[in-house]
1. Let's test the formula: R0 of 30 Å, r as the Cβ-Cβ distance of residue 70 and residue 195. What FRET efficiency results, to the nearest 0.05?
2. If you average the sequence gap of Cα pairs under 8 Å that are 6 or more apart and divide by the length of region 105-210, what percent do you get for the contact order?
3. Nearest 0.05, what FRET efficiency do residue 174 and residue 101 give at R0 = 25 Å with Cβ-Cβ as r?
4. Please list, in order along region 172-180, the HN-Hα scalar couplings obtained from phi with the Karplus expression 6.51 cos²θ - 1.76 cosθ + 1.60 (θ = phi - 60°), rounded to whole Hz, x for Gly and Pro.
5. Can you give the FRET efficiency to the nearest 0.05 for residue 108 and residue 161, using r as the Cβ-Cβ distance and R₀ = 45 Å?
6. Can you list the aspartates and glutamates whose alpha carbon sits under 18 Å from that of residue 207, skipping same-chain ones fewer than 8 residues off?
7. Pairs 74/153; 153/210; 153/203; 74/190; 109/153: which exceed 20 Å Cα-Cα?
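What follows is calculated from the coordinates using simple rules that are stated; it is not laboratory data. As the structure is a prediction and not an experimental result, all values here were calculated from the model. Virtual Cβ from ideal backbone geometry, glycine too; neighbours counted across all protein chains shown.
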Amino acid sequence: MNKGTRFGFALAFLVVASVLGIAIVALTSKSDTQVAENSGTAQTASHGKPQVGGAFELVAHTGQTVTNADFAGKYMLMFFGFTFCPDVCPTELQVMTSALEELGPVADKIQPIFVTIDPERDTPDAMAQYVAHFHPSLMGLTGTSEQISQVAKAYRVYYKRVEDPSSAAEYTMDHSAVVYLMGPDGAFLKHYGGATSPEDMAKSLKKYVK
Ligand code: NI
C-alpha cells in the first residue's frame, strides 16, 4: 500500500464516520421531538394526530356507570349535544343513525354514543327517552357537571349555557357539533363536521372500521 492509497482509505474512513455521525445525530434529535410532541398524551393520539379523547367515567341512559374501558375493542362514534336542542343535535344523530344503517354488519363493530353537555336536564331517564328516537344501539351518556366537563375537555368540545327568558326551557346550550370516530384502542381516528351526509359518513366509516 503506498502513501497515496493509505491517505485515500483514511479519507474514505473519515467521510463514512462523519456521515454516520450526522445520521446518529439526526436520529437522536428526531426521537427527542417525538417524545416532546407525545408527552402528556399517553392515552390519546399517535404521532401527528389531534390530541382528542381519553379516560372518562359517565352514567349511561340505563343508569349504569360506564368508563372508556367498557368500550375497549369497539369503535366509538361519539357526538356531544343536548336533548333540548331544536335542530343540530337531532339532525346529527339522524345522520349517524342513517350512516350506521347503510353500513350493514360492519356497524356491529361501532358503538354510537351521545354525550350530553346539559347534565342538569339530561338525566339518565331523559336520555333513555331521547336515544330511543335514533339508532337502536345508540347509548346516551350523562353524569355530574364535573364528569361532563372532564369528558368535554378531553374531547375538545366547547359548550356554554345561554339564558333564554323568553323560552319555557329557560336556557339553551351553545356547543360544538362534531362527530368523532375513535378506534378500538380509544385513539382518535377521524372527525365529521355538520355538513357530512349519511352516505359520506358511511363511506368513510367503511375505510376506517376493519
Ligand atoms: Ni345541539
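1. Numbers: r = 31 Å, r/R0 = 1.04.
With R0 = 30 Å, the Cβ-Cβ based efficiency is 0.45.
2. Values: 107 pairs, mean separation 20.3, N = 106.
Computed value for region 105-210: 19 percent relative contact order.
3. Numbers: r = 30 Å, r/R0 = 1.20.
That pair, residue 174 with residue 101, gives E of 0.25.
4. Couplings: 10, 10, 7, 7, 6, 10, 10, 9, 10 Hz.
5. That pair, residue 108 with residue 161, gives E of 0.75.
6. 101, 102, 108, 185, 199
7. 74/153; 153/210; 153/203; 109/153, as the Cα separations exceed 20 Å there.
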